[in-house]
1. Once you have the Kirkwood Rh of segment 7-68 from its Cα pairs, apply Stokes-Einstein at 37 °C and 0.692 mPa s and quote D in µm²/s.
2. Take the alpha-carbon centre of segment 427-447, take the same for segment 328-362, and report the distance between them in whole Å.
3. Could you compute how fast segment 382-456 diffuses translationally, taking Rh as the Kirkwood radius over C-alpha pairs and applying Stokes-Einstein at 20 °C with viscosity 1.002 mPa s? Give it in µm² per second.
4. If the cut-off is 14 Å between C-alpha atoms, which aspartates and glutamates fall inside it for LYS445, apart from same-chain ones fewer than 8 positions away?
5. Between ALA128 and GLU208, how many nm apart are label points set 7 Å from Cα along the C-beta direction?
6. Just list whichever of LYS136/LYS336; LYS39/LYS60; LYS332/LYS422; LYS305/LYS336 have alpha carbons separated by over 19 Å in the model shown.
7. Per the Kirkwood definition applied to all pairs of different Cα atoms, how many angstroms is the hydrodynamic radius of segment 244-372?
8. Once the Cβ-Cβ distance between ALA63 and ASN345 is put in as r, and R0 is 25 Å, what FRET efficiency do you end up with, to the nearest 0.05?
Amino acid sequence: MPKIIPKSYYDSLIEVISKFTDGASISAIIDVLPTPPPKRTLQYHLSVLLKQGLIACEGKGVARRYHASVVLPSDSKETTPGADLHLSNQSLRIKDSVSGAVNTRKPVGYRRDFLYSYRPNETFYLPADVRASLAKAGTIAGDEQTAGTYLLKIYNRLMIDLSWNSSRLEGNTYSLLETERLLEAGERAEGRNAEEAQMIINHKAAIELLFDSDPGIGFNRYTICNLHAILSENLLSDPSACGRLRTRAVGITGTVFHPLETPQAIEECLDLVLEKAESIHDPFEQAFFGMVQMPYLQPFEDVNKRVSRLAANIPFMRMKLCPLSFIDVPLKDYVKGMLGVYELNAVEYIRDVFVWAYRRSCSRYSAVRQSLGEPDLFRMKYRNELKSIVYEVVSGRMSKIEAIEFIKGAIPDMLSAGDRQKFMEIVETELTYLHEGSIARYRLKPSQYENWANNWHQ
């Protein structure tokens, strides 16, 4: 019987690798490990971590270097790798470059060579090992029919998650439960402006387009322009600009990047972006290429990033892979990752965000785990408060509207503004994914859950 390697060993191996800022060679890892295994055995252990996407590598032979893809908390054995967004050294350098005052950064224009130099299926923004690990994480077990059934099963959940998270990345202040209430019952949240509700409703309609069985959905003018028309409905000062390529110059707040201005050049570059995107065979490279190049071009007057985020799901829908809903993606990292593309034509930062986000989505929609997301120290620290609030909501048979107000008032006073928002999102997620098989950890009885669920889903 083969020897079972404990998880703690792999965690310690990742921790060792993470200490090498420029990557760790095999010999360097052996030198640091307290009781290193034989070199061939260590290579096998590293290959296991590579397949799981927990580490990455670059170079060949003696020049091969390993990098940690996750950060492991040192004071908790309960925390699962991947709970935190880890930035590579390249990403950290990009972050530093785009974090200075705008007036200290050198203005730049659109560089066509960034697009022209990309050769589909020869050039890759995502390394081979990363693409392989994402494919493993995103592949739905079973035949094509099983995968299709699975996607239909999570459709309603994806509708809410993607609408909320993509809107959140635009600064929308709706909570997860408020978004759910809006999409399911058409009820706007109090104290929110109409524009925020419209943004979320538009996302729902755009996702419906992507889920359409129309074979014409792809990286083409029809799909991209219609996505824009739907996502921008009732949000642009000029209604005729919905779904149309822009004919005037635009500026982007917070950056020294100046997009193309000539309508003919914009049209030509968009056609080339779509042509190259549609030619890419790997679905993850295709999704990420579109997420990079479309916002960089800014083909529309506004709503470009929203279009790119939803378009990123085109290859996943087409190939029946787990969808990408941008769950838990930190707004500041997404914004600065895109600034790295705009100002430096550097994809490493936004690549770290994309890869992490896809793995988080796979965890959320896993048919086996049906998890609420990876546990973290924050959730552990406030587990008693979280469980108490969930218990009160369910035992009190609260509706979604009642729960929203109750949760706001029950958040621990000692939390900062940012942590209060995180706390609320965790509680809302716990309630959203609560089911009969998970109620015991909240000390709830089946009768309490059943009575609450009947009221909750009305």
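Values quoted throughout were computed directly from the atomic coordinates according to the rules given, and no laboratory measurement underlies them. Nothing here was measured: the structure is a model prediction, and the numbers come from that model. Don't worry about glycine lacking a Cβ; one is built from the backbone with ideal geometry, like all the others, and counts go over all protein chains shown.
1. Value of D from the Cα-based Kirkwood radius: 287 µm²/s.
2. For segment 427-447 versus segment 328-362, the Cα centre distance is 33 Å.
3. On the way: Rh = 12.4 Å.
Translational diffusion coefficient: 172 µm²/s.
4. GLU392, GLU436
5. Here the modelled spin labels are 4.4 nm apart.
6. Over 19 Å Cα-Cα: LYS136/LYS336.
7. Details: mean 1/r = 0.0646 Å⁻¹.
About 15.5 Å, per the Kirkwood formula over Cα pairs.
8. Efficiency for this residue pair is about 0.50.
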